[in-house]
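Structure first, then comments.
Laboratory data are not the source of any read-out in this text; all were calculated from the coordinates shown. Everything numeric here is computed off the predicted structure, so don't read it as measured data. Please note: Cβ atoms are built from the backbone with ideal geometry, for glycine as well, and neighbour counts cover all protein chains shown.
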Amino acid sequence: MNIALILAGGIGSRTGENIPKQFIQVNEKPMIIYTLEKFEKCNDIDKIYVVCVKNWIERLEKYIKDFKISKIKKIVSGGKNGLESVYKGLISMEEIDDNDIILIHDSARPFIDIKSIKENVRVAKKYGLAMSAINCVETLVYSKDGTFADKIIPRDNLKRILTPQSFKYSILKELYSDKNFINSNEPSTFALYMSKGLPIYCSQGNEKNIKITYPEDIKYFRKLFDESETSISKNEQSLDTVHTHTHTHTHTQYI
């Protein structure tokens, strides 16, 4: 079984909006619903769990009903950070098997495409885990103070890690059995996993699958869906606007 765990427990203060960014609407539909619809339509996904900002759970339940998202099994309140939110999502799951694949995905990545989801599942089933990733095409330099740089970092073997980030349930169960994770400064489950000295595998992601984080991202989100929501739903690979951010870089094994 393949289970999507959608993280919507943050408030997204960097966007400058007065509501959690995942609930910002375009064409009378909130961002999180655009995200959920991709997993709803993907026939590789069996169930969806959501970790949500506590005060917005009731609103989300209404949206799920209004937009007919049928694969939702449970919504739980978020933790104090992303790691605790994942943990709370995991312990809420019922009838779960050690070999089930858990796809952890940011609700603020509404441009995820079904092809990337399927490829992520394929690699995770083969190797036990898979991080959606894309090639690093920018020139990278090393700077301690953010201004002065004296070293170019070769990009040939670097990848930008996106989501979904997927693991067999047995791996996540072992990873989160150490409750010291709550004190970790690692920004994500995959980073926590790699902090143990463990390697990861990558699946092919999509350059357009950005995480909505800053005010300009909100403008991008609104503009793109205002202009081409219909064409995006028919052809998820047809987006023609390139938008890049600095993401986590790591040496990985690419499949």
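Tabulated values for the structure
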{"quantity": "Sum of -39500 (n - 2.57) over DSSP H runs of 4+, divided by residues of the chain (222 nm, nearest 500)", "calculated": "-9500 deg cm²/dmol"}
{"quantity": "Simple spin-label estimate for Arg222 and Tyr142 in nanometres, 7 Å along Cα-Cβ", "calculated": "4.2 nm"}
{"quantity": "Lys, Arg +1 and Asp, Glu -1 on Cβ, resulting dipole of the stretch 1-88 about Cα centre, debye, nearest 20", "calculated": "140 debye"}
{"quantity": "5 Å-binned pair-distance histogram of the chain (Cα, whole percent)", "calculated": "1, 6, 13, 17, 20, 18, 13, 7, 3, 1, 0"}
{"quantity": "Residue order, fewest to most surrounding Cβ atoms within 10 angstrom, among Met93, Met31", "calculated": "Met93, Met31"}
{"quantity": "Inter-part distance where the stretch 87-145 and the stretch 174-225 are each reduced to a Cα centre, Å", "calculated": "8 Å"}
{"quantity": "Entries of Lys115/Lys219; Lys74/Lys125; Lys196/Lys223; Lys168/Lys219; Lys38/Lys151 with Cα pairs more than 31 Å apart", "calculated": "Lys196/Lys223; Lys168/Lys219; Lys38/Lys151"}
{"quantity": "Cα centre as origin, Lys/Arg/Asp/Glu Cβ charges: the chain dipole, Debye", "calculated": "180 debye"}
